[in-house]
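**Q** Okay, here's the structure, questions in a sec.
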Amino acid sequence: MASTIRNTKDFFSGLLFTAIGSAALVLARDYEMGTLLRMGPGYYPSVLAGGLLLVGLICLVRSFRTDGTPIGRLAWKSMLLVVVPIACFGILIRDAGLVPAIVLLVTVSAYASERFSLKASVPLAMGMCVFSWLIFIKGLGLPMQLLGPWFGF
């Protein structure tokens, strides 16, 4: 007797976690593992990948045992309003600088929400700019410009 999937959300998230965890384990196998006291470059990625693989397997097992709601219609608009700004951030960070890239990322991604408010997203973007400046530029010393060459800096 074949089992049927009772919780499609758990099933597909389990597949995704299992696939990413498995891929990470395959990619990390060429690095030296080391020991717990002298960890090699492959130790931490392998442990994380193993944990992700375990979570994926647990989700897959749960999908056959617990009832859940079916997956609804895919929200293409919201998905694009989150994914595209992330790609644009990666493209803009070098030439436009940290501030314009973060402002674009936060405001356009916030537009994906049904409760979008420009009044709320602009202060959030400014807060993210300050936070990123403190962490990445001041704290970690990364060579990022707040405003890039496109703005004459």
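The values are calculated or read from the model by the stated rules, or taken from the named source; none is laboratory data. Keep in mind the model is a prediction, meaning the values are calculated, not measured. Don't worry about glycine lacking a Cβ; one is built from the backbone with ideal geometry, like all the others, and counts go over all protein chains shown. Please note that ligands, DNA and RNA were not included when accessible areas were found on the heavy atoms of the full protein model with its side chains. Shrake-Rupley method; radii C 1.70, N 1.55, O 1.52, S 1.80 Å.
**Q** Name the residues in the stretch 114-131 that are touching a helix residue (DSSP H, G or I) at 6+ places or on another chain (Cβ under 6 Å) and at pLDDT 90 or above, would you?
**A** Listed by number, the residues that qualify are S121, L124, A125, M128, C129.
**Q** How about the stretch 79-108: which of its residues are open to solvent by less than 40 Å² (accessible area, probe 1.4 Å) and of a type outside the set (A, V, I, L, M)?
**A** Matches in the stretch 79-108: P85, G97, P100, T107.
**Q** Counting just the residues of the stretch 125-153 that are loosely packed, with under 14 Cβ neighbours inside 10 Å and touching a residue at least 12 places away in the same chain (Cβ under 8 Å), which one comes out farthest from L74 (Cα to Cα)?
**A** Filtering the stretch 125-153 for residues that are loosely packed, with under 14 Cβ neighbours inside 10 Å and touching a residue at least 12 places away in the same chain (Cβ under 8 Å), the one farthest from L74 (Cα to Cα) comes out as F153.
**Q** Restrict the check to the stretch 113-124 and report whether at least one residue is in contact (Cβ under 8 Å) with a residue 40 or more places away in the chain, surrounded by 12 or more Cβ atoms within 10 Å (Cβ to Cβ), in contact with a Phe, Trp or Tyr (Cβ under 9 Å, 6 or more places away or on another chain) and farther than 17 Å from F12 by Cβ.
**A** Among the residues of the stretch 113-124, not one is in contact (Cβ under 8 Å) with a residue 40 or more places away in the chain, surrounded by 12 or more Cβ atoms within 10 Å (Cβ to Cβ), in contact with a Phe, Trp or Tyr (Cβ under 9 Å, 6 or more places away or on another chain) and farther than 17 Å from F12 by Cβ, which makes the answer no.
**Q** Using beta carbons and a limit of 8 Å, which pairs, at least six apart or on different chains, have the first residue in the stretch 90-111 and at positive phi and the second one surrounded by fewer than 20 Cβ atoms within 10 Å (Cβ to Cβ) and part of a helix (DSSP H, G or I)?
**A** G97/W150; G97/F151
**Q** Right, something else. Which of the residues that make up the stretch 1-58 are surrounded by 14 or more Cβ atoms within 10 Å (Cβ to Cβ), small (G, A, S) and within 17 Å of the chain's Cα centre (by Cα)?
**A** S13, G14, G21, A24, A49, G56
**Q** May I pose another question? Taking the criterion of being over 19 Å from the mean Cα position of the chain (by Cα) and either under 23 Å from D10 (Cα atoms) or free of Cβ contacts under 8 Å to residues at least 40 places away in the same chain (or both), would at least one residue in the stretch 72-84 satisfy it?
**A** yes
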